[in-house]
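> Structure provided below as C-alpha cells; questions to follow.
The values are calculated or read from the model by the stated rules, or taken from the named source; none is laboratory data. None of the values given here were measured: they were computed from a predicted structure. Cβ: placed from backbone, ideal geometry, glycine included. Neighbour counts: every protein chain shown. The protein model used for the area step is the full one, side chains on, heavy atoms only, and it has no ligands, DNA or RNA in it. Shrake-Rupley method; radii C 1.70, N 1.55, O 1.52, S 1.80 Å.
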Amino acid sequence: MSNIIWKIKTFDEFTVPELYKVLKARIDVFVIEQNCPYPDLDNYDQKGIHIWAEEDGEILAYCRVFDKGIKYDETSFGRVLTTEKARGKSLGKQLIRYAVETIENRFHTSEIKISAQDYLLRFYSEFGFIDTGKKYLEDDIPHTEMIRK
C-alpha cells in the first residue's frame, strides 16, 4: 500500500464526489456483499463526523462517529467497513484507533457505545469494548451492544 490518505470531515465538508464514493462503499459492503437490503441513508450522516482512508481516489476503509445524544446517550461510531481490496492490511484497526481518537479529541470523552456485528466482538474487545450482554438482530444480522468506558 503506497500513499493512503486519511480524511476526517463533517457532512457539510464533503465534496460531492467524496460523498458519492463513501455511500457507494457502504452500499457495496453492507447491501450487496452482506446481501442485506436496508436503509443505509438514515438521515444521521448530517449529524456525524466521517472518517475514511482512500488511495488513488478509491475508498479503502470508512466509519462515521457521533457525539453524545445522537444514536445513544454515549458517543458512538458505526458503518465501519473496509472494502474488499483493502482487507488484511490492518486498516480496520487504524480506522478504529482514529474513531476513538476523534471522539476523545472532539467530544472530550472516552465513553463510547457501539452496535457490533457478532463476528467482530473479539476485534472490538482489543480496543477496550466490553459486551453489555444486549443481543439483537439488526437487519437479520446478529449484533451485540458494546461499551467502552
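> Between a residue in segment 64-88 that is under 16 Å from VAL22 (Cβ atoms) and without any contact (Cβ under 8 Å) to a residue 24 or more places away in the chain and any residue that is in a strand (DSSP E or B) and open to solvent by 10 Å² or more (accessible area, probe 1.4 Å), which pairs come within a Cβ distance under 8 Å, given they are 6 or more apart or on different chains?
Once the first residue is under 16 Å from VAL22 (Cβ atoms) and without any contact (Cβ under 8 Å) to a residue 24 or more places away in the chain and sits in segment 64-88, its partners that are in a strand (DSSP E or B) and open to solvent by 10 Å² or more (accessible area, probe 1.4 Å) give ARG64/ILE49; ARG64/PHE77; ARG64/GLY78; ARG64/ARG79; PHE66/ILE49; PHE66/PHE77; PHE66/GLY78.
Residue by residue, here is whether (1) closer than 14 Å to VAL80 by Cα; (2) surrounded by 12 or more Cβ atoms within 10 Å (Cβ to Cβ); (3) aromatic (Phe, Trp, Tyr); (4) out of contact with any helix residue (DSSP H, G or I) (no Cβ under 6 Å at 6 or more places or on another chain) holds:
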position	(1), (2), (3), (4)
LYS113	yes, yes, no, yes
PHE123	yes, yes, yes, yes
TYR136	no, no, yes, yes
ASP139	no, yes, no, yes
PRO142	no, yes, no, no
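> Here's another thing I want to ask about it. Could you check segment 9-50 and list, in sequence order, the residues that are within 22 Å of LYS89 (Cβ to Cβ) and either of a type outside the set (A, V, I, L, M) or in contact with a helix residue (DSSP H, G or I) (Cβ under 6 Å, 6 or more places away or on another chain) (or both)?
GLU18, LYS21, LYS24, ARG26, ASP28, PHE30, GLU33, GLN34, HIS50
> Could you tell me which numbered condition THR132 fails, if it satisfies all but one of (1) at pLDDT 95 or above; (2) open to solvent by 30 Å² or more (accessible area, probe 1.4 Å); (3) within 16 Å of the chain's Cα centre (by Cα); (4) hydroxyl-bearing (Ser, Thr, Tyr)?
Answer for THR132: the failing condition is (3).
> Now for a different question. Could you list, in sequence order, all residues of segment 81-92 that are open to solvent by 40 Å² or more (accessible area, probe 1.4 Å) and either among the hydroxyl-bearing types (Ser, Thr, Tyr) or under 11 Å from the mean Cα position of the chain (by Cα) (or both)?
Looking only at segment 81-92, we keep the residues that are open to solvent by 40 Å² or more (accessible area, probe 1.4 Å), and these are 84-85, 87-90.
Answer for segment 81-92, where residues must be open to solvent by 40 Å² or more (accessible area, probe 1.4 Å) and either among the hydroxyl-bearing types (Ser, Thr, Tyr) or under 11 Å from the mean Cα position of the chain (by Cα) (or both): just SER90.
> Further, regarding this structure: Identify, by number, the condition in (1) modelled with pLDDT under 95; (2) farther than 21 Å from ALA86 by Cα that ASP42 doesn't meet.
If we test ASP42 against (1) modelled with pLDDT under 95; (2) farther than 21 Å from ALA86 by Cα, just (1) comes out false.
> Quick check on this structure: which one of ILE51, ILE32, ILE4, ILE8 is open to solvent by 40 Å² or more (accessible area, probe 1.4 Å) and touching a Leu at 6+ places or on another chain (Cβ under 8 Å)? Steps first, please.
Working: ILE51 fails: open to solvent by 40 Å² or more (accessible area, probe 1.4 Å); ILE32 fails: touching a Leu at 6+ places or on another chain (Cβ under 8 Å); ILE8 fails: touching a Leu at 6+ places or on another chain (Cβ under 8 Å).
Just one listed residue meets the conditions, ILE4.
> Go through GLY88, GLY92 for me and flag whichever is at positive phi and either out of contact with any Cys (no Cβ under 8 Å at 6 or more places or on another chain) or modelled with pLDDT of 95 or more (or both). Outline the logic, then answer.
On the way: GLY92 fails: at positive phi.
Within the list GLY88, GLY92, the selection yields GLY88.
> Which of the residues belonging to segment 11-29 are within 22 Å of TYR119 (Cα to Cα) and open to solvent by 40 Å² or more (accessible area, probe 1.4 Å)?
Step one: list which residues in segment 11-29 are within 22 Å of TYR119 (Cα to Cα), which gives 25-29.
Result: ILE27, ASP28.
> If I filter segment 54-72 down to residues being of a type in the set (Phe, Trp, Tyr) and open to solvent by less than 10 Å² (accessible area, probe 1.4 Å), which single residue comes out as nearest to HIS108 (Cα to Cα)?
Within segment 54-72, the first condition is being of a type in the set (Phe, Trp, Tyr), and the residues that meet it are 62, 66, 72.
Among the residues that remain, those that are also open to solvent by less than 10 Å² (accessible area, probe 1.4 Å) are: 62, 66.
Working: TYR62: 22, PHE66: 12 Å.
Only one residue tops the list, namely PHE66.
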